[in-house]
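Asker: Sharing a structure with you now.
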Amino acid sequence: MMRDSNGSSSHASVIRIVEVGPRDGLQNESEVVPTSVKVAFVDALSKSGVAEIEAGSFVSPRAIPQLADSDEVFRRIERLPGVIYSALVPNERGLERARAAAVTKIAVFTAASDSFTRRNINCTIGESIERFRPVVFGAKRDGMTVRGYVSTVTHCPFEGAVQPAQVLDVVRQLLDLGVDEISLGDTVGKAAPRDIRKLLDEIVPRIDRSRLSLHVHDTCGMAVANVLTAWTEYSIEVFDTAAGGLGGCPYAPGASGNVATEDVVYALKASGASLVVDERKVIAAASEIGKVLNRRLSSRLSQVQTEQTAYEGAA
């Protein structure tokens with residue numbers, strides 16, 4: 001555990017939540033969600049207190065039809081002061097679209113496993129980073145902030161366990177490229193706290209933790225425990241989450257959704273963390289998108305809220 005000179009844990013800063021539901025959460029949905037619904041989803045999340053919302057992706061519409069309307073989404077959302085609205089950008093064409101949509105922060109994406117990178121974006125890790133070079137250069141020239149996603153940081157669906165040294169190597173390459181921050185992704189959702197410790201023992205002493213965020217999936221039900229481990233023991237203060245536990249990955253067989261924003265917020269607050277996010281507003285936003293998707297979302301807190309509301313209505 002990261003402790004101060006008095007031997008007590010030190011967490012003076014407010015934890016930042018990066019809400020990825022509108023992009024990473026919806027991209028795997030088979031039925032296309034109407035643009036107006038996406039805009040309403042982002043607008044509702046804007047009022048919840050999250051620091052950042054990944055509102056879309058400027059990938060090829062053929063690759064991910066669900067996000068083909070990201071240009072329109074960015075035009076129509078209400079951008080509240082203090083909230084960052086970011087987008088995934090794979091190439092220079094995507095950067096042009098992001099620039100036209102007045103996006104101020106973009107994300108590029110690679111992985112710590114060559115097998116996964118080949119399946120995901122049809123190239124090696126090294127080739128992916130070379131592809132990002134003009135994108136990162138162009139974004140920085142335009143005054144944009146750049147995030148780098150590193151997937152499969154603990155497990156790969158094709159190679160098995162991933163060594164932390166592999167992850168560190170990719171992180172360093174991205175930072176050398178000019179990327180501002182790194183999101184470490186447990187894409188498969190197999191990690192347990194022991195795996196997170198093994199990873200962060202390698203990364204945190206060598207990379208400024210203020211540049212790191214943790215992005216975990218809840219496949220094996222360990223995601224909240226992993227978040228708490230990263231916060232209490234390593235002072236990681238940025239977490240990627242999705243309202244209602246939305247998400248999945250088409251290139252990670254068996255992977256479930258992202259850890260639910262409301263579950264993470266509740267768990268961190270209950271553990272003494274400082275957050276400005278109102279989990280009730282997140283639950284409300286998740287509930288509305290759940291109605292459109294016509295299915296019950298995986299968030300524990302949302303389920304409790306739904307059952308409690310039904311009970312109170314019947315009383």
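Every read-out reported here was derived from the displayed coordinates using simple, explicitly stated rules and does not represent laboratory data. It should be emphasised that the depicted structure is a prediction, and the values quoted were computed from it without experimental measurement. With ideal geometry, Cβ positions are generated from the backbone for all residues, glycine too; neighbour counts draw on all protein chains shown.
Asker: Compute the projected area of the convex hull of the Cα atoms of region 88-244, averaged over all viewing directions, and report it in nm² to one decimal place.
Answerer: 8.9 nm²
Asker: Right, something else. Enumerate the lysines that K105 could reach by cross-link, defined here as Cα to Cα under 22 Å, with residues fewer than 8 away along the same chain left out.
Answerer: Output for K105: K38, K47, K140.
Asker: Further question on the same structure: Fewest first, what order do H215, H155 take by the number of other Cβ atoms within 10 Å?
Answerer: In order of increasing Cβ crowding within 10 Å: H155, H215.
Asker: A further question on this structure: Okay, helix-only estimate at 222 nm for the chain: each DSSP H run of n ≥ 4 adds -39500 (n - 2.57), divide by all residues, round to 500 deg cm²/dmol; what do you get?
Answerer: Computed mean residue ellipticity for the chain: -13000 deg cm²/dmol.
Asker: Comparing D263, D176, D24, which has the greatest mean-square fluctuation in the GNM of the chain with Cα pairs linked when under 10 Å apart?
Answerer: Result for the chain, Cα springs under 10 Å: D176 fluctuates most.
Asker: Compute the Cα gyration tensor for region 59-116, then decide on rounded, prolate or oblate, letting a ≥ b ≥ c be the square roots of its eigenvalues: rounded whenever a/c is under 1.5, prolate when a/b is larger than b/c in the other cases, and oblate in all that remain.
Answerer: Prolate, since a/c reaches 1.5 and a/b exceeds b/c.
Asker: Once you order the gyration tensor axes a ≥ b ≥ c over the Cα atoms, which shape class does the chain get: rounded for a/c under 1.5, otherwise prolate or oblate by comparing a/b with b/c?
Answerer: In terms of gyration-tensor shape, rounded.
Asker: Sticking with this structure for a sec: Between I106, I129, I182, find the one with the highest GNM mean-square fluctuation for the chain; connect C-alpha pairs within less than 10 Å.
Answerer: Maximum among the listed residues: I129.
Asker: When DSSP assigns beta bridges and you keep just the ones with both residues in the chain, what percent turn out antiparallel, to the nearest 5?
Answerer: Taking every DSSP beta bridge with both residues in the chain, the antiparallel ones total about 10 percent.
Asker: Now, a different point. Fewest Cβ neighbours within 10 Å first, please rank S57, S46 accordingly.
Answerer: Lowest to highest Cβ neighbour count: S46, S57.
Asker: What order do you get for E288, E237, E54, E19 when you list them from fewest to most C-beta neighbours inside 10 Å? If you can, show how the numbers build up before the last one.
Answerer: Details: E288 15, E237 21, E54 26, E19 31.
Going from least to most buried by this count: E288, E237, E54, E19.
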